[in-house]
Amino acid sequence: MEPILAVKNLSMNFGGLRALDRLDLDVNQGEIVALIGPNGAGKTTFFNCITGIYTPTEGDILITPPRNSVQRINGLKPNTITELGMARTFQNIRLFPKMTVLENVMIGRHCRLSAGILGAVFQGKKVRKEEERAVTDSYAVLEKIGLAQFVNDLAMNLPYGAQRRLEIARALATEPFLLLLDEPAAGMNPQETQELNELIVRIRDTEKISILLIEHDMKLVMSLSDRIFVMDYGKKIAQGAPREIKSNPVVIKAYLGEEFHA
Amino acid sequence: MSWDYFIELFLGGLTRGSIYALIALGYTMVYGIIELINFAHGEIYMIGAFTALIIASVLSLFGMHQLVVLVLAVVLAVVYACAYGFTVEKIAYKPLRKAPRLSVLISAIGMSLFLQNYVLLAQTSDFLPFPKLIPDFEFWEPYSHIISSQELTIIATTVVVMILLTFLIKFTTIGKAMRATAQDKIMAALVGIDVNHIISITFIVGSATAAIGGVLIASHIGQINFFIGFIAGIKAFVAAVLGGIGSIPGAVLGSLVLGWTESFFTGYISSDYEDVFAFLFLVFILIFRPAGILGRSQTQKV
């Protein structure tokens, strides 16, 4: 079977700086894959390239959505990529702070609605039906993620852990086949991290959504991932199962520096 | 200094304020979404008025009923102005989306001058008489000494437009997408919103309200020329800043406050200094509330 995401030979230059250097990475259906590496390795740049925020300098990003053929998505606009079925969250929380929790999730449903400006103005029967569906669907997502109690609160008033989960809920509302999480556990306490771990597994198992995550919490990465890719200075330096990565000397060197001799 | 006189000034200010509000909405919505002062916005208002004049003149030749002429003139002025607003954004602002903000501002000023001169050449530099499109309603006759049918229509139209707009922004999918885009453009795109599409819609909605304002005020005052967009645009811009630019209720409140300030100062002191009072008041408000009446000043993180 084709991998649902296949990145081949991807490079990204910012002027003279090469942030990504001929990177290869793939995610298969139903997998949880982690992308790790020291700070500044280019992990977030990689996410920005595959979600359409940056147009990569070279290489191919190929996706195979379920029941669809392979498609090259280099240089497509972010909203088009979301419509194709890849959703992401950010390292620093980027909710719409002045909208309610429900509205934040409904915005995610936006790309699955068909109504245009005329529909919005004249509020035909079909449009109203669609709006009602969007509310029910969004509420269902909130219940799944355990945020139903906050439904009418402003996003900015939520506790930190809940804001992080709301980002995931909003991403899920776009009905992705692949969910990209950028440091989902950043700033969480051990208990919240444990809950996040369970949530991610649940999303994969019950929603059949594959997951690619960037994370620094090694305990989480090791317990969660099927496979791990390791980056340093924009290059891939290792890939494999958690056990292999843990004992890989190249990885240890990248994390602990040149002077370290194991 | 009678009570009646006060009421008259109050209602006069309300009428002025309503017109300013219809124009100020376009400024504040565009600013809310792309942080640009769209200096060409006043010209869209002027073009709306000119379109209505042409349509009304043609239709009157056929001897149509006044109300039919009014409705058709407003509808076509709105369509025409929307097309201009949409095109101006595509030509003058969209290519500069990633440019520094000053470049876009210069582009806006250029567009404003271009449209003024285009109308000057295509039409005339003289003031043109504008037909009285809004009829004197018979049922309103007993009260017309307090407020004329024209003024009543202007105020009522503004109220209806405000309600529709509030509904659009608060409760529809498009409205949610607009708010989301205003708060975080990149994130909006990442949840599947076509940001360029939303920006276009914002320009179209703003142009539509400006065109409605253009037709109403032209019919009220009775004459137009190519330059009316400039002063009306500046006043509405002042109103938007006064209320807190980027905020829609702020734009309405700022417009009303400006309308009343002008009306009361000219009524009780002197009409020679109408603009002086308006701008003095702006300075005064901005000293005490730099972000406008409803604006929230944000501390920049450094």
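No value in this document is a laboratory result; all are computed from the given coordinates. Here the structure is a predicted model, which means the values were calculated and not measured. No Cβ is skipped: glycine too gets one built from the backbone with ideal geometry, and neighbour counts run over all protein chains shown.
For the reader, a short list of remarks on this structure follows.
- Kyte-Doolittle at least 1.0, axis length at least 20 Å by Cα - qualifying DSSP helices, chain B: B:3-34, B:41-61, B:66-88, B:101-122, B:149-171, B:195-221, B:228-243, B:274-288
- From least to most packed, judged by other beta carbons within 10 angstrom and beginning with the fewest, B:GLU43, A:GLU244 follow the order A:GLU244, B:GLU43.
- Binning all Cα-Cα separations of the stretch A:95-174 at 5 Å, short to long from zero, yields these whole-percent fractions: 3, 18, 27, 21, 15, 10, 5, 1.
- Ordered by the number of other Cβ atoms lying within 10 Å of each residue's own Cβ, fewest first, B:HIS145, B:HIS197, B:HIS220, A:HIS110 fall into the sequence B:HIS145, B:HIS197, B:HIS220, A:HIS110.
- If the convex hull is drawn through the Cα atoms of the stretch B:1-160, its volume per residue in Å³: 152
- Sites A:LYS246 and B:PHE171, calculated FRET efficiency, Cβ-Cβ separation with R0 45 Å, nearest 0.05: 0.30
- With all projection directions averaged, the alpha carbon convex hull of the stretch B:162-302 covers 11.1 nm².
- Kirkwood hydrodynamic radius (C-alpha pairs) into Stokes-Einstein, chain A, 25 °C and 0.890 mPa s, D in µm²/s: 127
- Over the protein assembly as shown, DSSP H runs of length four or greater, each weighted -39,500 (n - 2.57), average out per residue to a 222 nm ellipticity of -18500 deg cm²/dmol.
- For the segment B:167-173, counting C-beta atoms of other chains within 10 Å of every residue's C-beta and taking the mean gives 5.
- In chain A, taking the dipole from charged Cβ atoms about the Cα centre, the farthest positive-side position among A:ASN189, A:TYR233, A:GLY75 is held by A:GLY75.
- Cα centre as origin, Lys/Arg/Asp/Glu Cβ charges: the protein assembly as shown dipole, Debye: 1180
- Lys, Arg +1 and Asp, Glu -1 on Cβ, resulting dipole of the stretch A:123-210 about Cα centre, debye, nearest 20: 420
- Cα lying deepest toward the dipole's positive end in the protein assembly as shown, options B:ILE33, A:PHE96, A:HIS216, charges on Cβ: A:HIS216
- Folded to 0 to 90 degrees: helix A:160-173 orientation relative to chain A principal axis, Cα: 70
- Average partner coverage of B:174-180, which counts Cβ from other chains inside 10 Å: 6
- Positive-end residue of B:ALA92, B:GLN66, B:LEU102, charge dipole of the stretch B:13-106 with Cβ unit charges: B:LEU102
- Local charge for B:PHE50 was computed over the other residues whose Cβ lies under 15 Å away, with Lys and Arg +1 and Asp and Glu -1, and equals -2.
- Local electrostatic count, B:THR266, Cβ distance below 15 Å [Lys/Arg +1, Asp/Glu -1]: -3
- Between A:ASN189 and A:GLN91, the simple label model (points 7 Å from Cα in the Cβ direction) yields a spacing of 2.5 nm.
- Order of B:VAL215, B:VAL159 - criterion: other Cβ atoms within 10 Å of each residue's Cβ, fewest first: B:VAL159, B:VAL215
- Listed peptides B:202-208, A:180-186 by packing density, highest first (mean Cβ within 10 Å): B:202-208, A:180-186
- 10 Å Cβ neighbours from other chains, averaged over peptide A:77-87: 4
- Percent of Cα-Cα distances greater than 31 Å, calculated over chain B: 29
- A convex hull fitted around the alpha carbon atoms of the protein assembly as shown yields 194 Å³ per residue.
- What you get for the stretch A:176-262, charging only the Cβ of Lys and Arg (+1) and of Asp and Glu (-1), is a dipole of about 380 debye around the Cα centre.
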